[in-house]
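Note sheet for the following structure.
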Amino acid sequence: MNSIVCLKQVPDTEAQIRVKPDGSDVLLQDVKFIINPYDEYGVEEALKLKEKFGQSTVTIVCLGPERCIESIRTALAMGADKAVHLDDPALDGGDAFTTARALAEQIKGMEYDIIFCGKQAIDDDAAQVGVALAEYLNIPHANLVIKVEVSADKKKVTVNRQIVGGEEVLELPLPCVLTAQKGLNEPRYASLPGIMKAKKKEVKPVKAADLKLDAARIGAAGAKSKVLKCYSPPPRTAAQIVAGESPEEKAAKLAKLLREEAKAI
Amino acid sequence: MGKGMWVFAELAETAVRKVTFEILSNVRPIADKKGEEVCAVFVGKTIPEAAADQCAAYGAHKVYIIEHDALASYTSDGYAKALADFINKQQPSIVLFGATVVGKDLSAKVAAKVNAGLATDCTAINLDDSGNFNVRRPMYAGKVYADIGFPNAPIIMASIRPNVLIPTPPDASKKAAVEKVTPEIAAGDIRVTIVETIKTAAAKVDLTEAEIIISGGRGMKEAANFKMLEEMADVIGATVGASRAAVDAGWKTVSDQVGQTGKVVSPNLYIACGISGSIQHYAGMGTSKVIVAINKDPEAPIFTKCDYGIVDDLFKIVPVMTQELKKLKAEG
């Protein structure tokens, strides 16, 4: 039962994101980076499958700059076996599809039964890479997965996925791509022995040239959507505090304001 | 580049989703400027007849109906094949989707198939001074906004966040040409089997489409207290949501969570009860039109970035607020 987990490093959810003065991009200096939380559910699920089936390898595949090694090591410390790091400036500045194309080129030569991605990365919030990866590998996918049950013969997987107003239970043949949603599991913390072991685990560096993709299809050159300008959203001002002698008075005033001033009810 | 601005028309059971009308009426002036037609595109087994007229009323010149027995339920494989094949045949310039569970899944797969540029969860669509189609979208869960262009895209796609674009009033006198399309779907094209659909009794309207949301946080103290919010929600037709703290405590389910790692919502009115207003929560609801906070802690960060606040015990305020709202509603 070999799993691949696609991992992206993203700014911590706590991070304040600032925009460069010229609006060309965001400022990520001094920002703390973490494993994309949805990818972390993928790591955990792959580890659970390994524990259940034995005889399995969990491989992390990460595309991103040098700093990502820290997140890769964290995933290895959680228990993943090895990693591939697509680290090349030529792969930067792309869109979700150039990323998915590069990941697909890397993954197609690997042995796998199942690929986990996060449902989206919490930086660009695109929610496209997992789906596009499945399309490029010509395998099926299921999005927003909250439960995974691989059949004993390792030929198919039954998943519950979140849909509007409930859940959908799907059966997919393996191999396939599953994108993880919160609720799938509780990711484990890396143990101290895990952290020690992770230092010795293999992280294979891969360059754009190794992928044998046309230069026009990778990174900024291959991107079909492009950030023209970034800006911070207009700040909201502090609340108008609705005062009163009693809860009744405050509530009555607020209800009236919501109807007459805000016209929201 | 091709011609025609398409909108994937999404059905909830038999009714057209509101976001479809929001997109149709907002893309129409853009299409008029570019001299292109607006087309609504339905995919399914049987599309209700009234659906096409509704799309016409909101600005569609033409309605394509792609029908096939294999498309009775949504599958990525089936819908994406049907839509991508038709896109390849007709070569529209732009295809827009609602940024719904279905719209986000479908747009990503179709874009990969037809080599489109795709922007997810957009909050505005525009033509720039040179006549190029651009979108605006939140990134980092709304901590940053970006204008996105598509300089190298042979075809442009975007999914549009529900409840943000304002629809024009429908004009029932407008009619659209309706064209039925039969897709080629072979055995084996749909690799995924739907085993079961489980409906959770809860929300009537999904958080992402709700006009009013009342959310509870850590200050709710226990699961049973959410009943109080449900009662207020019933009076004003709201959907109840929760902060991450309330979900992690097990008081509400993950699908009710609003925030950076939950749902990103944009209702007309967001009432936060017992929510301090972390940066992650704010990221999920900061684009709400009116934000109200009820919290007993006057120092709660939420009071620094909302419209109206009551500093008091929510357990005292919420029940009387429900009564006040009932009175207002009774007045009409």
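Observations
- For the stretch B:204-332, the relative contact order is 24 percent, taking Cα pairs closer than 8 Å that sit 6 or more residues apart in sequence and dividing their mean separation by the residue count.
- For the stretch A:196-265, GluC sites (Glu not before Pro) meeting the loop criterion (DSSP other than H, G, I, E, B) and having at most 14 other Cβ atoms within 10 Å: A:Glu202, A:Glu245, A:Glu261.
- Charged-residue dipole, Cβ positions (Lys, Arg, Asp, Glu), chain B about Cα centre, Debye nearest 20: 300 debye
- Listed by chain and number, the lysines whose C-alpha is less than 19 Å from the C-alpha of A:Lys224, apart from same-chain residues fewer than 8 away, are B:Lys3, B:Lys104, B:Lys109, B:Lys113.
- For chain A, a crude dipole built from +1 on the beta carbon of Lys and Arg and -1 on the beta carbon of Asp and Glu, taken about the Cα centre, is about 260 debye to the nearest 20.
- Coil-residue trypsin sites (Lys or Arg not before Pro) of the stretch A:156-251, DSSP, other Cβ within 10 Å capped at 13: A:Lys199, A:Lys200, A:Lys207, A:Lys212
- Taking the C-alpha atoms only, the angle from helix B:226-236 to the longest principal axis of chain B is near 60 degrees.
- Cα centre as origin, Lys/Arg/Asp/Glu Cβ charges: the stretch B:207-331 dipole, Debye: 100 debye
- Antiparallel content of DSSP bridges confined to chain A, in %, to 5: 40 percent
- With R₀ set to 45 Å, the beta-carbon distance separating A:Thr237 from B:Thr253 gives a calculated FRET efficiency near 0.85.
- Both radii come from the Cα set of the stretch A:3-222: Rg as radius of gyration, Rh as Kirkwood radius; their ratio Rg/Rh reads 0.95.
- Close amide H pairs (under 5 Å, H built 1.01 Å from N) link B:His68 with B:Gly44, B:Lys45, residues at least 5 positions away or on another chain.
- Listed values for the stretch A:240-251 are Karplus-derived 3J(HN,Hα) couplings in whole Hz (6.51 cos²θ - 1.76 cosθ + 1.60, θ = phi - 60°), namely 7, 7, 8, 9, x, 6, 9, x, 4, 5, 4, 4, and x replaces Gly and Pro.
- Within the stretch A:1-99, GluC sites (Glu not before Pro) in DSSP loop having at most 15 other beta-carbon neighbours inside 10 Å: A:Glu14
- Dimensionless Rg over Rh [chain B; C-alpha; Kirkwood]: 1.01
- Taking amide hydrogens as placed 1.01 Å from N in the peptide plane, the amide H of B:Thr120 sits under 5 Å from those of B:Ser159, each at least 5 positions away in sequence or on another chain.
- Gyration tensor verdict on the stretch B:1-93 (Cα atoms; rounded if a/c is under 1.5, prolate if a/b is larger than b/c, oblate otherwise): oblate
- Length added when fully stretched, A:Arg217-A:Asn138, from 0.36 nm per residue minus Cα-Cα: 26.6 nm
- Measuring spread by the Cα atoms of the stretch B:140-231 yields a radius of gyration and Dmax of 21.6, 56 Å.
- DSSP bridge orientation in the stretch B:5-189 - percent antiparallel, rounded to nearest 5: 30 percent
- The A:Glu249 and B:Ala223 beta-carbon pair, evaluated with R₀ = 35 Å, returns a calculated FRET efficiency of approximately 0.70.
- To the nearest ten degrees, helix B:101-114 and the longest principal axis of the Cα atoms of chain B are 30 degrees apart.
- Under the shape rule built on the C-alpha gyration tensor, where the axes satisfy a ≥ b ≥ c, the protein assembly as shown is oblate, since a/c reaches at least 1.5 while a/b does not exceed b/c.
- 18 Å Cα-Cα reach of A:Lys82 towards lysines, excluding residues that sit fewer than 8 places from it in its own chain: A:Lys8, A:Lys48, A:Lys50, A:Lys108, A:Lys197, A:Lys199, A:Lys200, A:Lys201, A:Lys204, A:Lys207
- Contour excess over end-to-end distance, with Cα ends at B:Asp129 and B:Ser73 and 0.36 nm allotted per residue: 16.0 nm
- Globularity index of the stretch B:5-189, i.e. its alpha-carbon radius of gyration over 2.2 N^0.38 Å: 0.96
- Cα-projected label distance for A:Glu51 with B:Lys45, points at 7 Å along beta-carbon direction, nm: 4.1 nm
- With respect to chain B, whose longest principal axis is taken over its alpha-carbon atoms, helix B:18-34 is tilted by about 50°.
- Sorted by Cβ density within 10 Å, fewest first, the residues B:Thr20, B:Thr239: B:Thr239, B:Thr20
- Projecting label points 7 angstrom from Cα along Cα→Cβ for A:Val31 and B:Asn115 puts them 3.2 nm apart.
- With a Förster radius of 35 Å applied to the C-beta separation of B:Asp189 and A:Lys229, the computed FRET efficiency comes to 0.30.
- Exposed loop sites are taken as GluC sites (Glu not before Pro) in a DSSP loop (any state but H, G, I, E or B) with at most 13 other beta carbon atoms within 10 Å; the longest stretch of chain B without one runs B:14-183.
- In chain A, Cα pairs under 8 Å separated by at least six residues give a relative contact order of 24 percent.
- Average Cα contact separation per residue, chain B, under 8 Å, 6 or more apart, as relative contact order %: 15 percent
- The lysines within cross-link reach of A:Lys263, meaning a Cα-to-Cα straight distance under 21 Å and a gap of 8 or more places when in the same chain, are A:Lys250, A:Lys253, B:Lys18, B:Lys289, B:Lys305, B:Lys326, B:Lys327, B:Lys329.
- Within the stretch A:1-33, backbone nitrogen closer than 19 Å to the virtual label 7 Å beyond the Cα of A:Glu70 toward Cβ: A:7-18, A:26-33
- With neighbours defined as other Cβ atoms within 10 Å of a residue's Cβ, the residues A:Cys117, B:Cys39 order from fewest to most as B:Cys39, A:Cys117.
Readers should treat all values here as calculations from the given coordinates under stated rules, not as data from a laboratory. A quick note: this is a predicted structure, and the numbers were derived from the prediction, not measured. Please note: Cβ atoms are built from the backbone with ideal geometry, for glycine as well, and neighbour counts cover all protein chains shown.
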